[in-house]
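Heads up: the structure comes next, in structure tokens.
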Amino acid sequence: MKTVLITGANKSIGFETARQLLQQGYYVYLGSRDLQKGQQAVSQLQAEGLTQVESIGIDVNDLNSIKAARNILGQKTAVLDVLINNAGISGGVTGPLEMDISEFRQVFDTNFFGVIDVTQAFIDLLKQSPEPRIVNVTSGLGSLTLQSDPSWIYYGITPAAYVPSKAALNAYTITLAHHLRETPFKVNAVDPGYTDTDFNHHSGPGTVPDAAARVVKAAIFGPDGPTGQFFSDDNAPETGISPW
């Protein structure tokens, strides 16, 4: 049975991703900053008959929490097959000249540095898998190419901290995939799309199941699957691959 750790998985897209991977036979470690909320999410899944799941407390902003989660997971399994870096925050809507630097740092700590800390902490368990997968949940707003295109449907939507944090995450995905290119790893960035969640005040047209399915698709790539790609059905409906 393959194992997967999903950060920020007690609600919304992360929670639905856990559900869909459970339905495909994975054993899910459901990461949550608030362990009680994570346990409640686990109870809900188990009530649906999806029993191969347990909660792991992990705050991606806290290196001690990440290390503790790694130690706990290491006591449960010697192999991690999939890491899904899903946890993220949007930050405020203040402009780039007005936003306080502390808010920039908060968004980057979660969306960028937290991903690096988690990936580095769990890479040893991932290396024990014959087919390790890393999925970084990004945003179409992180595409520098499209953000520079006045004809793009979302042109001008530029949350001051969120956009550069996701662009940085995309760049990290590229470098990580390149570093691991001679190994069985598949490392990809996935844009779940503009989805109806509390993350964006339920303003998106996409559904949570469809968004999670995009993440799951990259998590279960076979040995011939792509690596180092930026997948976005919203940005590239024909190919599914977004410009960086």
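Laboratory data are not the source of any read-out in this text; all were calculated from the coordinates shown. All figures in this text were calculated on a predicted structure; none of them were measured in a lab. FYI the Cβ positions are ideal-geometry reconstructions off the backbone, even for glycines, and counts take in every protein chain you see.
A DSSP coil position with no more than 12 other Cβ atoms inside 10 Å describes the following trypsin sites (Lys or Arg not before Pro) in the range 140-221: R181.
GNM on the chain, alpha-carbon springs under 10 angstrom: the most fluctuating residue among I101, I58, I220 is I101.
Here the sum of -39500 (n - 2.57) over DSSP H runs of 4 or more residues, divided by the residues of the chain, equals -12000 deg cm²/dmol at 222 nm, to the nearest 500. Any chance you could give the angle, 0 to 90 degrees and rounded to 10, that helix 63-76 forms with the longest Cα principal axis of the chain? That works out to roughly 30 degrees. Residue ranges 7-14, 156-163 sort as 7-14, 156-163 when ordered by packing (mean number of other C-beta atoms within 10 Å per residue, highest first).
Backbone phi angles across the range 21-33, fed through the Karplus curve with coefficients 6.51, -1.76 and 1.60 (θ = phi - 60°), yield HN-Hα couplings of 6, 4, 5, 9, x, 7, 9, 10, 9, 8, x, 8, 5 Hz in residue order; Gly and Pro are listed as x.
Amide H to amide H distances under 5 Å link I56 with L30, G31, S32, where only residues 5 or more positions off or on other chains count and H is placed in the peptide plane. Each Lys and Arg adds +1 at its Cβ and each Asp and Glu adds -1 at its Cβ; summed about the Cα centre, the range 1-108 shows a dipole of about 360 debye. Coupling constants for the range 221-233 follow from the phi torsions by the Karplus curve (6.51 cos²θ - 1.76 cosθ + 1.60, θ = phi - 60°), and in residue order they are 3, x, x, 9, x, x, 9, x, 10, 10, 8, 7, 5 Hz; glycine and proline get x. Take every pair of alpha-carbon atoms less than 8 Å apart whose residues are at least six positions apart; their mean separation over the length of the chain yields a relative contact order of 19 percent. Net charge of the neighbourhood of L63, taken over other residues with C-beta under 12 Å away and scored Lys/Arg +1, Asp/Glu -1, is -2. Charges were assigned to the Cβ only: +1 to each Lys and Arg, -1 to each Asp and Glu. The resulting dipole of the chain about its Cα centre is roughly 640 debye. Listed by chain and number, the lysines whose C-alpha is less than 18 Å from the C-alpha of K76, apart from same-chain residues fewer than 8 away, are K2, K67, K127. Within the listed set T119, T173, T145, the residue fluctuating most in the Gaussian network model of the chain (springs between alpha-carbon atoms under 10 angstrom) is T145.
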